[in-house]
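*Asks:* Dropping a structure here in structure tokens format, bear with me for questions.
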Amino acid sequence: MEATIDGRKGMSINWEGSAITRPRMVVKPERVSELIDIIKNEKKYPAPVRAVGFQHSITRCAVADGGTIIDMGNFNRILEFGQRHVRVQAGVRIYDLVKALDARGLQLCACPEFGDISAGSVACTSNRYISSRGILGQISSTVVGMKLVIPQGTKLNVTAKQPDMLNVMRSSFGLLGIVYEVTFAVREKIGFVVKRWQMDLDDLSLAMAGLNGDGIGVRLTVYPFSNKAQLETRHSVKLETATRQWKPTLRAWGWNCLVPLVAQLFKRLVPSSRLRGKQLDILLFQAQKMFTRMSQDRIAEMSAVCLPRCRMPKWGRCTYTTWAFPADDFSLLVEKYVAFCLQYKRDHGFRCDLPTKALFVPKDPASLLSYAADGDVFTLDVFSTGGKGWEDFLIDLNRFCSANGGVPLLNQTKLLSQRQAVRGLGRKLVTFKRLRRNVDRHDRLSSTFYQPLVG
Ligand SMILES: Cc1cc2nc3c(=O)[nH]c(=O)nc-3n(C[C@H](O)[C@H](O)[C@H](O)COP(=O)(O)OP(=O)(O)OC[C@H]3O[C@@H](n4cnc5c(N)ncnc54)[C@H](O)[C@@H]3O)c2cc1C
């Protein structure tokens, strides 16, 4: 097992480089027996013990100050393909899995856009993706089996025959055990068709009222400072012929890689935030319009939207935070959110320089801490290039979201307070806290990030 001790220097542990952690040990085991040894040997491998995949989270959820980081990179084998499932080790890259399934005429039952993430992390944390008929909004909900090393240093095999335990493990955030193997449900490949409309924000509620939500995926882009929005719907369709794949890939690459780089360049070249924000809004809105003309109504395969990686320099990346809101009246929430952004800009001079996104996720009680457990939701994904003023904005944004019935995603909502977590997740969080305390009495796996949230 490779091991490094990297305490003093610190290491970056998230996508945009905003989370620096100072673990005592960083280890890269190859076998489950080594994982067990790490968990059992408290002296050699101090707490907190956190497994990491590709360290592409946007919060501090992977930090392990003074503790042990387990790099799962050697657990990278796809173990078994079935007609209805695939079994993989936890360090397998989701993009590699998507491609391997694609070659067999299969796909995951969720549609990830950014594939440089690990099977182990998405199996046990909250995530949100565009859904449509037969396609769920959370990858963790498609997990039908999981193998873990629990804090007692023993192996635990959770299968579909233990639905309650699976329900807990799908949102266990590495706090109940280190995941070393995952079985995902898979299905035959299907395609999708998108339709997009651009509009003034004033027309949004009318446009959204026309969507019945029944199996239709919805993605919304909101430009609070330009009074504009784009609505995108996605329908699942049968794949009959091979289709050209580059347009959906281009869209995913454009949004995840190019737009942040352009926004960061703007920040350097145009010092006035007022001017910069307006120009960027116009540029992005026009780019979305042009793209709509190119790709409207074409059938594409789901796997085409999954990006292998995003090779942008750290300075050219963006960041985001996420909350979920009941889908009923979401257009009203958008109105309030826009008013909040405008007021915040007037009071503090800060505005997010990237548009805000929202995704429809249908009711999904498959995990205990699912943000969509009680009904259909829209996630509100607030994007920014970060920098001065962003963290202060996040504190007020969290207050706004919490006060308006928002539910946080524990690993994807930045600067979340315990009160806001409890308010959003309610009794389910209390249940999880109790379970965690029973399973991990000596706080082997809990970190400074999770401890305030889940006690
Ligand atoms: C460009 C970009 C686009 C993105 N788009 C989306 C998106 O559309 N939707 C979305 O939901 N997210 C998105 N994300 C966020 C990202 O997909 C998730 O945060 C994902 O979980 C990161 O995977 P990772 O392997 O890098 O996990 P890490 O950051 O390495 O770990 C994440 C968490 O999981 C824990 N963990 C990791 N492996 C294990 C294991 N084996 N056992 C137990 N615990 C473990 C870690 O300790 C940590 O708490 C995006 C991120 C980027 C950078």
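The values are calculated or read from the model by the stated rules, or taken from the named source; none is laboratory data. Bear in mind the structure is a predicted one, so any value in this text is a computation, not a measurement. Here the Cβ positions follow ideal geometry from the backbone for every residue, glycine too, while neighbour counts run over all protein chains shown. Keep in mind that these areas ignore ligands, DNA and RNA; they rest on the heavy atoms of the full protein, side chains included. Shrake-Rupley method; radii C 1.70, N 1.55, O 1.52, S 1.80 Å.
*Asks:* Just checking, which of PHE432, PHE383, PHE400 is aromatic (Phe, Trp, Tyr), touching a Cys at 6+ places or on another chain (Cβ under 7 Å) and closer than 25 Å to ALA327 by Cβ? Steps first, please.
*Replies:* On the way: PHE432 fails: touching a Cys at 6+ places or on another chain (Cβ under 7 Å); PHE400 fails: touching a Cys at 6+ places or on another chain (Cβ under 7 Å).
Answer to the selection: PHE383.
*Asks:* Now, a different point. Checking the conditions here, which among LEU359, LEU380 is within 14 Å of PRO408 (Cβ to Cβ) and not in a loop (DSSP other than H, G, I, E, B)? Even if it seems obvious, please write down each step before you answer.
*Replies:* Working: LEU359 fails: within 14 Å of PRO408 (Cβ to Cβ).
Within the list LEU359, LEU380, the selection yields LEU380.
*Asks:* Quick one: count up the residues across region 406-445 that are within 20 Å of the chain's Cα centre (by Cα), open to solvent by less than 40 Å² (accessible area, probe 1.4 Å) and among the small types (Gly, Ala, Ser).
*Replies:* Residues flagged as within 20 Å of the chain's Cα centre (by Cα), open to solvent by less than 40 Å² (accessible area, probe 1.4 Å) and among the small types (Gly, Ala, Ser) within region 406-445 amount to 3.
*Asks:* Can you name the residue in region 242-274 that is aliphatic (A, V, I, L, M) and more than 16 Å from the ligand (Cβ to nearest atom) and, of all such residues, is nearest to GLY349 (Cα to Cα)?
*Replies:* Going through region 242-274, the residues aliphatic (A, V, I, L, M) turn out to be 242, 250, 252, 258-259, 261-263, 265, 269-270.
This time we only want the ones that are more than 16 Å from the ligand (Cβ to nearest atom), so: 242, 265, 269-270.
Details: ALA242: 50, LEU265: 20, LEU269: 19, VAL270: 16 Å.
Among those that are aliphatic (A, V, I, L, M) and more than 16 Å from the ligand (Cβ to nearest atom), it is VAL270.
*Asks:* Go through (1) open to solvent by 20 Å² or more (accessible area, probe 1.4 Å); (2) in contact with a helix residue (DSSP H, G or I) (Cβ under 9 Å, 6 or more places away or on another chain) and name the single condition GLU80 misses.
*Replies:* For GLU80, the exception is condition (2).
So that you can scan it fast, the table gives a plain yes or no per residue for (1) modelled with pLDDT under 90; (2) polar (S, T, N, Q):
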residue	(1), (2)
SER226	no, yes
LEU250	yes, no
TRP253	yes, no
LEU261	no, no
PHE266	yes, no
ARG276	yes, no
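*Asks:* How do the pairs read when you match residues in region 32-60 that are of a type in the set (Phe, Trp, Tyr) and within 16 Å of the ligand (Cβ to nearest atom) with residues anywhere that are open to solvent by 10 Å² or more (accessible area, probe 1.4 Å) and not in a helix (DSSP H, G or I), using Cβ under 6 Å and keeping only pairs 6 or more apart or on different chains?
*Replies:* What qualifies is TYR45/MET25; PHE54/ASP116; PHE54/ILE117.
*Asks:* Given (1) out of contact with any Asp or Glu (no Cβ under 6 Å at 6 or more places or on another chain); (2) open to solvent by 30 Å² or more (accessible area, probe 1.4 Å); (3) more than 14 Å from ALA304 (Cα to Cα), identify the lone condition not met by CYS109.
*Replies:* All conditions are met except number (2).
Quick grid of which residues meet (1) surrounded by 18 or more Cβ atoms within 10 Å (Cβ to Cβ); (2) at pLDDT 90 or above; (3) of a type in the set (D, E, K, R):
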site: ILE5; (1), (2), (3): no, no, no
site: TRP15; (1), (2), (3): yes, yes, no
site: ILE20; (1), (2), (3): no, yes, no
site: MET25; (1), (2), (3): yes, yes, no
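*Asks:* Another question, then. Testing GLY217 on (1) open to solvent by 10 Å² or more (accessible area, probe 1.4 Å); (2) touching a Lys or Arg at 6+ places or on another chain (Cβ under 6 Å), one condition comes back false. Which one is that?
*Replies:* That leaves (1) as the condition not met.
*Asks:* Continuing with the same structure: All but one of (1) at pLDDT 95 or above; (2) over 30 Å from VAL305 (Cβ atoms); (3) within 14 Å of the ligand (Cβ to nearest atom) hold for ASP96; state the number of the condition that does not hold.
*Replies:* All conditions pass for ASP96, except number (2).
*Asks:* Checking LEU261 against (1) in a strand (DSSP E or B); (2) more than 22 Å from PHE360 (Cα to Cα): exactly one of these is not met. Which one?
*Replies:* (1)
*Asks:* Separate question: Residues that are under 23 Å from GLY153 (Cβ atoms) and of a type in the set (A, V, I, L, M), at least 3 per element: which strands (runs of 3 or more DSSP E) completely within region 1-101 meet that?
*Replies:* 25-28, 49-52
*Asks:* Quick one: count up the residues across region 223-277 that are surrounded by 14 or more Cβ atoms within 10 Å (Cβ to Cβ), farther than 25 Å from TYR129 by Cα and hydroxyl-bearing (Ser, Thr, Tyr).
*Replies:* 2
*Asks:* Among the numbered criteria (1) more than 21 Å from LEU415 (Cα to Cα); (2) open to solvent by less than 10 Å² (accessible area, probe 1.4 Å); (3) assigned to a strand (DSSP E or B), which single criterion is violated by SER367?
*Replies:* Status for SER367: all satisfied but (3).
*Asks:* So, one more: Is it the case, given these coordinates, that VAL88 is touching a Gly at 6+ places or on another chain (Cβ under 7 Å) and within 12 Å of the ligand (Cβ to nearest atom)? Please lay out each step first, then the result.
*Replies:* Values: touching a Gly at 6+ places or on another chain (Cβ under 7 Å): no; within 12 Å of the ligand (Cβ to nearest atom): yes.
No.
*Asks:* Taking region 292-310 only, how many residues are assigned to a helix (DSSP H, G or I), in contact with a helix residue (DSSP H, G or I) (Cβ under 7 Å, 6 or more places away or on another chain) and either within 15 Å of the ligand (Cβ to nearest atom) or under 24 Å from ALA110 (Cα atoms) (or both)? Steps first, please.
*Replies:* The first filter runs over region 292-310 and keeps only residues assigned to a helix (DSSP H, G or I), leaving 292-295, 302-305.
This time we only want the ones that are in contact with a helix residue (DSSP H, G or I) (Cβ under 7 Å, 6 or more places away or on another chain), so: 294-295, 303-305.
When the remaining residues are screened for being either within 15 Å of the ligand (Cβ to nearest atom) or under 24 Å from ALA110 (Cα atoms) (or both), the result is 295, 303-305.
Residues meeting the conditions: 4.
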